[in-house]
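Enquirer: First the structure, then my questions, so here it is.
The values are calculated or read from the model by the stated rules, or taken from the named source; none is laboratory data. None of these values were measured; they are calculated from a predicted model. Don't worry about glycine lacking a Cβ; one is built from the backbone with ideal geometry, like all the others, and counts go over all protein chains shown.
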Amino acid sequence: MIYYFTGTGNSLAIVRQLQKLRNKQEEGVTAIDYTTPYPRLTDECTEIGFVFPVYGWGLPLVAEDFIRRLPGNTNKRSPYIYVILTCGDDIGCTDKQVRKLFAEKGWNVNAIFSVQMRNTYICLPGFQTDPANLEQQKNEKALTWLRQISQRIEAHEPSSNNDVHPGAFPRMKSYVLRPLFNKFLIHDRHFKVNAKACIACGKCVRICPLHNIQADAIGMPQWLGQCTHCLRCFHACPKHAIEYGLFTQGKSQVKVKL
Ligand SMILES: Cc1cc2nc3c(=O)[nH]c(=O)nc-3n(C[C@H](O)[C@H](O)[C@H](O)COP(=O)(O)O)c2cc1C
Ligand code: SF4
Ligand code: SF4
């Protein structure tokens, strides 16, 4: 069984590719939200996978919440637990955060891998989506790396520190910048819609993975305060009518692949 969260489809692509590589297309996969029930963890369960993107050098808030809601480990035999973290560049200390969250529930994480994919973060100055050639390069590298990951998971091998890419100054990113990022930038108060461009199509309402958008009386989106900042609404709007704060104007969208 695999639990995952995805904003624009990067992490979902990894889930699908992994299933294909392992010839396990029938395996159950669940997209998590704030209400996803706990997984049923019986002694027969030999393996659980989690695939999450990295947001602000840590887990998306919804993934953090999901792990916090896991039942404590009372199994005689622990299943093999693997976590794949997708990122645009580097993960800081997200792997350490993951291990700590699981350990608080009595679960040992056997393997953590990070996979670099196209960047989806565009809300601050200097952050832009990847040019097509860079996205292509990242995709090719990701597939090669995922083939190795797949074999390692198949063999229930543990991972090592070399299997994740923390980048430069990981502690500063995860323990100093991340709390600021979460406090000031991981919420939906700065979303706004360009009323002239919006055609009230309702797509943003339908596709928000957390059901955090509703349409007002004339069909314009309103954000409801339960956002994990996946930016799916920004990237998926067919009229590019959604902005976040002051710095997204003129930024490109990625194609949302669900
Ligand atoms: C809010 C937000 C924060 C992000 N923070 C990071 C980060 O700290 N490090 C990084 O390498 N990529 C970061 N990214 C890029 C994503 O991790 C990357 O593009 C990921 O594969 C997106 O997967 P998804 O489409 O499944 O959400 C961020 C993206 C978003 C939307
Ligand atoms: S997806 Fe874009 S155009 Fe459609 S309702 Fe939302 S903001 Fe308006
Ligand atoms: S409101 Fe937008 S950014 Fe927030 S969770 Fe929904 S789709 Fe993602």
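Enquirer: Within the group LEU143, LEU180, LEU134, which residue is of a type in the set (A, V, I, L, M), assigned to a helix (DSSP H, G or I) and touching a residue at least 40 places away in the same chain (Cβ under 8 Å)? Let's see the steps before the verdict.
Expert: Values: LEU180 fails: touching a residue at least 40 places away in the same chain (Cβ under 8 Å); LEU134 fails: touching a residue at least 40 places away in the same chain (Cβ under 8 Å).
On inspection, the qualifying residue turns out to be LEU143.
Enquirer: Limited to segment 63-72, what total is found for residues that are surrounded by fewer than 16 Cβ atoms within 10 Å (Cβ to Cβ) and in a loop (DSSP other than H, G, I, E, B)?
Expert: 3
Enquirer: It is to be established whether one or more residues within segment 2-9 are away from ligand 3 (no atom under 16 Å from the Cβ), surrounded by 15 or more Cβ atoms within 10 Å (Cβ to Cβ) and on the phi < 0 side of the Ramachandran plot. Break it down stepwise before answering.
Expert: In the first step, residues of segment 2-9 are kept if they are away from ligand 3 (no atom under 16 Å from the Cβ); the result is 2-3.
After this cut, where a residue has to be surrounded by 15 or more Cβ atoms within 10 Å (Cβ to Cβ) as well, the list is 2-3.
In the following step, the residues that additionally are on the phi < 0 side of the Ramachandran plot were identified as 2-3.
Yes - at least one qualifying residue is present in segment 2-9.
Enquirer: Cβ contacts < 8 Å: first residue within 16 Å of CYS87 (Cβ to Cβ), restricted to segment 12-26; second residue outside any helix (DSSP H, G or I) and of a type in the set (D, E, K, R), any location; separation 6+ or different chain. Result?
Expert: LEU12/LYS257; ALA13/LYS257
Enquirer: Against the condition under 16 Å from the mean Cα position of the chain (by Cα), within 12 Å of ligand 3 (Cβ to nearest atom) and touching a residue at least 60 places away in the same chain (Cβ under 8 Å), how does HIS229 come out, does it pass? Don't jump to the end; show me each part of the working.
Expert: On the way: under 16 Å from the mean Cα position of the chain (by Cα): yes; within 12 Å of ligand 3 (Cβ to nearest atom): yes; touching a residue at least 60 places away in the same chain (Cβ under 8 Å): yes.
So HIS229 fits the description; yes.
Enquirer: Is there any pair linking a residue in segment 195-221 that is within 17 Å of TYR34 (Cα to Cα) to one that is away from ligand 1 (no atom under 16 Å from the Cβ) and in a loop (DSSP other than H, G, I, E, B), with Cβ under 6 Å and at least six apart or on different chains, and which?
Expert: Filtered contacts from segment 195-221: ASN212/LEU224.
Enquirer: Looking at segment 31-49, can you tell me whether even one residue there is within 13 Å of ligand 1 (Cβ to nearest atom) and free of Cβ contacts under 8 Å to residues at least 12 places away in the same chain?
Expert: Initially, segment 31-49 is screened for residues within 13 Å of ligand 1 (Cβ to nearest atom), giving 31-32.
Then drop every residue that is not free of Cβ contacts under 8 Å to residues at least 12 places away in the same chain, which leaves none.
No: segment 31-49 contains no residue that is within 13 Å of ligand 1 (Cβ to nearest atom) and free of Cβ contacts under 8 Å to residues at least 12 places away in the same chain.
Enquirer: Just to be sure before I move on: is ALA155 of a type outside the set (Val, Ile, Thr) and either at pLDDT below 95 or over 16 Å from the mean Cα position of the chain (by Cα) (or both) in the structure I sent? Write out each step before concluding.
Expert: Numbers: of a type outside the set (Val, Ile, Thr): yes; either at pLDDT below 95 or over 16 Å from the mean Cα position of the chain (by Cα) (or both): yes.
Yes, satisfied.
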